[in-house]
1. Relative to a virtual label point 7 Å from the Cα of residue 353 in the Cα→beta-carbon direction, which members of region 307-329 show backbone nitrogen distances below 20 Å?
2. Over all directions, how big on average is the projection of the convex hull of the alpha-carbon atoms in region 80-146, in square nanometres?
3. Full-extension gain between residue 26 and residue 135, please, as 0.36 nm times their residue separation minus the C-alpha to C-alpha distance.
4. Measuring from label point to label point, each 7 Å out along Cα→Cβ, what is the residue 204 to residue 242 span in nm?
5. Provide 228, 69 in ascending order of the number of other Cβ atoms located within 10 Å of each residue's Cβ, fewest first.
6. Whole number please: convex hull volume per residue, Cα atoms of region 243-407, in Å³.
7. For q = 0.11, 0.19, 0.20 Å⁻¹, what log10 I(q)/I(0) does region 361-455 give under the Debye formula with an equal point scatterer on each alpha carbon and no solvent?
8. Going 7 Å from the Cα of residue 424 toward and past its Cβ, which residues in region 436-465 have a backbone nitrogen under 19 Å from where you end up?
């Protein structure tokens, strides 16, 4: 333990951001530089708990107390060695993870939790700076070939681990750039794309082959892959958005959030819109924008709309406003269900809670001009389930020239590869699996395609675990780390 009383001496501190009125003029990451000494002080706040609940909170099972100790001591090489055992891409999670580990931090019981996400990002960037992260191709190849369909966080993690085990890995991506959600879904002001490109270049040096603009099941048949490869890993994501089938949905100017975000990310990176994404240009400039949905995707639509210089931005959320602090039925170490204000909200938006969208209203040209909404109250119905009731005399219209639907995703895209190989789905529409193996023997699945819409950190965890299952299938046993091994200390490896 680097500093036994560090949690008593230092307060939580994280990097400051550029001023909102400044940062909405570009798509650069919003955070300012943070001194290395301050990062070490933040690591010193870790109490090295006897039972580190942060392990439980982290889907990857990161060995957080040990890498905090290494950072506190200034041993960045040991820190990345520890972190790299469980997390292939700390430079991603250190930027965009909502940090469930911090919600489970023991210090967070009565003080602000340890700034674990900041420390993780700092370890990754310092390791790149000092040359501790290098391409490390496997010394021996097994001769087995694996195809990974989808290059989002799950696909990249699966590819990295399978390559580490010595298999020849090819990643197929239907877009023109690798990264999936990382590249096309998350705006640059949260994750600049050079961060993704740096990692992809490293993986190529390690022997992984990436093939872009190949829509498996359309441009290349699944049967061909079955013939050419010893195993397939489907990491196609949960890409079917939840719709809002209310009157007026057919009007122009109503779009799914991911169409809006992916289009802007394509503009920023200078890429080409893939044929399967062909659509009219979506701009928020000088428009009254309404974002329907109160999650991270909705927040990213707000930030992007602000950078487009929208006239106004309203965010609608069906649920009630969360409390500012934990309630008695939401105790530590559960994920804190509290109100969160994102950087996008700080830049400008009106947040509306407990509000129901009833109808889209159009003009004479067939374009949306307003949304009819009503305030609601949530009550327990006769069957014991929560249901909402409309409050009288609260129905009204909100001006709207661009509506963005950010209300989640249902399941992975049907048709194509999935239908061609007759992969079975569960009742939610996700791929049915047992230990990551689908109902077709040599086909595996991971990430949102298997578990449904979730976090990037869960996708990485899924990709790692699926890779271990594939390695076991191909070789009879696996040399790859299991998530269950993450609780074992690695601080004595050296």
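Taken together, the values in this text are just the output of simple stated rules run on the coordinates, not laboratory data. As the structure is a prediction and not an experimental result, all values here were calculated from the model. Methodologically, a virtual Cβ is constructed for each residue, glycine included, from the backbone with ideal geometry; neighbour enumeration extends over all protein chains shown.
1. In region 307-329, the label zone of residue 353 (backbone N under 20 Å from the point 7 Å along Cα→Cβ) covers 313-329.
2. Result: a mean projected hull area of 6.4 nm².
3. 36.0 nm
4. For residue 204 paired with residue 242, the spin-label model returns 3.8 nm.
5. Result, fewest neighbours first: 228, 69.
6. For region 243-407, the hull spanned by Cα atoms encloses 162 Å³ per residue.
7. Results for region 361-455 at q = 0.11, 0.19, 0.20 Å⁻¹ read -0.64, -0.90, -0.93.
8. Label zone hits: 436-446, 449-452.
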